[in-house]
1. By its C-alpha gyration tensor, with a ≥ b ≥ c as the square roots of the eigenvalues, how is the range 134-186 shaped: rounded for a/c under 1.5, else prolate for a/b larger than b/c, else oblate?
2. From the Cα gyration tensor of the chain, with a ≥ b ≥ c the square roots of its eigenvalues, which class applies: rounded if a/c is under 1.5, or else prolate if a/b is larger than b/c, or else oblate?
3. Checking the table Lys18/Lys142; Lys2/Lys44; Lys49/Lys144; Lys2/Lys181 against a 19 Å threshold on Cα-Cα, which pairs fail?
4. Indicate, rounded to the nearest 5 percent, the antiparallel portion of the DSSP beta bridges found entirely in the chain.
5. For the chain, set up a GNM with springs between Cα atoms under 10 Å and report which of Val140, Val149, Val166 has the largest fluctuation.
6. Can you compute 3J(HN,Hα) from phi for each residue in the range 35-44, using the Karplus curve 6.51 cos²θ - 1.76 cosθ + 1.60 with θ = phi - 60°, rounded to whole Hz and x for Gly and Pro?
7. Just order 69-81, 176-188, 98-110 by mean Cβ neighbour count inside 10 Å, highest at the front, would you?
8. Run the dipole for the range 13-72 about the Cα centre, Lys and Arg Cβ at +1, Asp and Glu Cβ at -1, nothing else charged, and hand back the magnitude in debye, nearest 20.
Amino acid sequence: MKKGFIFDLDGVIVDTAKYHYLAWKNLANELGFEFTKEQNELFKGVSRKRCLEILLEIGKVEATQEQFDTWMIEKNVDYLKYIENMDASEILPDVPKILDYLKERKHPIALGSASKNAQPILEKVGLLSYFDAIVDGNNVTKAKPDPEVFLLAAEQLGVNSQDCVVFEDAVAGVQAANSAKMISIGIGDDKVLSEAAYNFNDFTEIETSFIQDLINKN
Ligand code: BG6
Ligand code: MG
């Protein structure tokens, strides 16, 4: 049985967290409060709706449903302006090295992301063709740490969940992979992502021999 490989998008394949941050910060400033980079950590892997709920809690802002919906749209329109000119230069270092290694060996590859903007971003950076399945914020009903996004990705790849490897930069994402009984690989701070089965700061630290060991693993 071939192993399946599932990649989160934001913070794993591309560094879009900075653009999400700027768009949320602009909205916070407009509403009259500050939003820090540290607070932005809470937003990793979290759905757009939940991010706005947290943002309004931080700013102690009460919103009507109509305002809430307007601000969700406003943030996304702003975010889309930041990502409009994204290109291959924004792919995180050595991500293509791993994607190529897997593709050459015909291992199925999926995207498992909370973002509703995943597909256009993959297109802009020229990586769309690597993916055999894309499961994103448009396809799931339950957000990470629920395993739904990764279980759906495994199903679309036709691979058992125990035979899947997940690359994640968010705590909620690592938890989702673990509860799907997949092999979780934390990309980022190992203290933050201590629940992951393996930890790396980024893909430059991942040797193809490590990937091959995962492929050979029973
Ligand atoms: C996740 C990001 O991948 O997608 C979150 O880590 C973001 O920060 C979420 O809120 C939803 O993204 P989007 O593009 O649908 O607003
Ligand atoms: Mg992420």
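FYI, it's all coordinate maths here, none of it is from the lab. Nothing here was measured: the structure is a model prediction, and the numbers come from that model. Counting neighbours? That spans all protein chains shown, and the Cβs are built from the backbone with ideal geometry, glycine included.
1. Verdict is oblate for the range 134-186.
2. Prolate.
3. Over 19 Å apart, Cα to Cα: Lys18/Lys142; Lys2/Lys44.
4. 5
5. Looking only at Val140, Val149, Val166, the biggest GNM fluctuation is shown by Val140.
6. Per residue, the Karplus-derived 3J(HN,Hα) values read 9, 9, 4, 5, 5, 5, 4, 5, 8, 5 Hz.
7. Going from most to least packed, we get 176-188, 98-110, 69-81.
8. For the range 13-72, the charge dipole is close to 220 debye.
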